[in-house]
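Notes for the one structure printed next.
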Amino acid sequence: MKRILDFFWPAVGLVAVFWSVKLLFEKLAAEAATDEKVRALLEAGGLWSDIKIIASVIGNKLGDIPAHGYWMAGLSTLLAYAALAWYDRISLIHLKRERGISWIYISVCSFVTYALSHNIGATVFSGGMVRYRAYSAKGLSAAEIAILVALCSYTFAFGTILLLAFVLIGEPQILAPLSTLSQHFSIGEHTARLIGFGLLGFVALYTIGSWLQLRPLRFRSFELMYPRLNVVARQYIAAPLELIGAAGIIYFALPEQGNPGFFIVLGAFLLSFSAGLLSQVPGGVGVMEAVFLAIMPGMPATAVFAALLVWRLFYLIVPLALSVPVILLFERAQLAKALHHESKTPAP
């Protein structure tokens, strides 16, 4: 069975590469096909002509954004992915398995994990697959990797709850425009502020539980430890940094005229990205546009679409493209190990 698994997982990696390239092309085509004329050309043309059409359309859309907007969006992307790598590091600290695993290794693993999971949509499954391959090679058990994946997901949720609380308290009117999308958002400013304080209450309870050092949950041989204060303190910094960086990509890609300010953009991002994740729509396509246009009616729709396109390029598509050779190199190394082990193993 072990010999079979040695070759099975590299094969899975190659399938992931093929899937990633296919997904990359489909996402770019979907962005270009928002124009009906372009959609007709794509449907009538072949692969090579489609590639040229997509490149031309995307280039035209991005040409109106100034150079400094791209620079700041790029720095925001680096901040977001650095914080995502910190998620993994925090989880390893919680498991007390951070020794012997370098920051570079963690960063590359985290980068590939989120590049795939953000695009594919099935975050836990796709993220778990990459992390299992990477961290099992470093000696972590399947149970430890499961806890790592769960704590990374919780760190993201913790940051969303924390920042959304501040947004609802500081800008309670942000929910009102969303009533055009659903009557469930017909919430007054007073109620929105109460929700914000309620979210802060949840954050406080979580922190108090850590301070009290609650006992771990045990189920037979499985033990789930409550995060200690050294872990929670890091979550307070890493989670907001990632979300602020991701929202910053959109903020800096928007024009200055009519820009509602970073706090509103952050709130729109938290609401739309969370809705996209819950709906399991890869990249939040359609969901994010609807939320942003509702919350920021004073911004031209074309400017909003261009900013979200920059976000998808920087936060989703470019990382996905960069992750493909990383997966190939890793799986090539693992396959070489398996072949070497096979050649050294005496025949029965």
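The values are calculated or read from the model by the stated rules, or taken from the named source; none is laboratory data. Just so it is clear, the structure is predicted and the values come from calculations on it, not from any experiment. Note that each Cβ is placed from the backbone with ideal geometry, even for glycine, and that neighbours are counted across all protein chains shown.
The table for this structure:
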{"item": "Residue within the range 81-101 that is more than 27 Å from A204 (Cα to Cα), crowded, with 20+ Cβ neighbours inside 10 Å, touching a residue at least 24 places away in the same chain (Cβ under 8 Å) and of a type outside the set (D, E) present", "result": "no"}
{"item": "Residue in the range 139-150 that is closer than 28 Å to A247 by Cβ and surrounded by fewer than 21 Cβ atoms within 10 Å (Cβ to Cβ) present", "result": "yes"}
{"item": "Output for the range 211-245, where each listed residue is in a helix (DSSP H, G or I) and either more than 25 Å from I147 (Cα to Cα) or touching a Ser or Thr at 6+ places or on another chain (Cβ under 7 Å) (or both)", "result": "L229, V232, Q235, A238, A239, L243, I244, G245"}
{"item": "Close pairs from the range 170-189: first exposed (fewer than 13 other Cβ atoms within 10 Å of the Cβ), partner at pLDDT below 80, Cβ under 9 Å, at least 6 apart", "result": "H184/L178; S186/L178; S186/S179"}
{"item": "Residues being outside any helix (DSSP H, G or I) and closer than 21 Å to V203 by Cα - total across the range 129-180", "result": "1"}
{"item": "So F202, is it touching a residue at least 24 places away in the same chain (Cβ under 8 Å), within 22 Å of I65 (Cα to Cα) and assigned to a helix (DSSP H, G or I)", "result": "no"}
{"item": "L162 vs. criteria under 24 Å from the mean Cα position of the chain (by Cα), modelled with pLDDT under 90, closer than 30 Å to G298 by Cβ and not polar (S, T, N, Q)", "result": "no"}
{"item": "Only listed residue being among the aliphatic types (A, V, I, L, M) and touching a residue at least 24 places away in the same chain (Cβ under 8 Å), chosen from L151, L217", "result": "L151"}
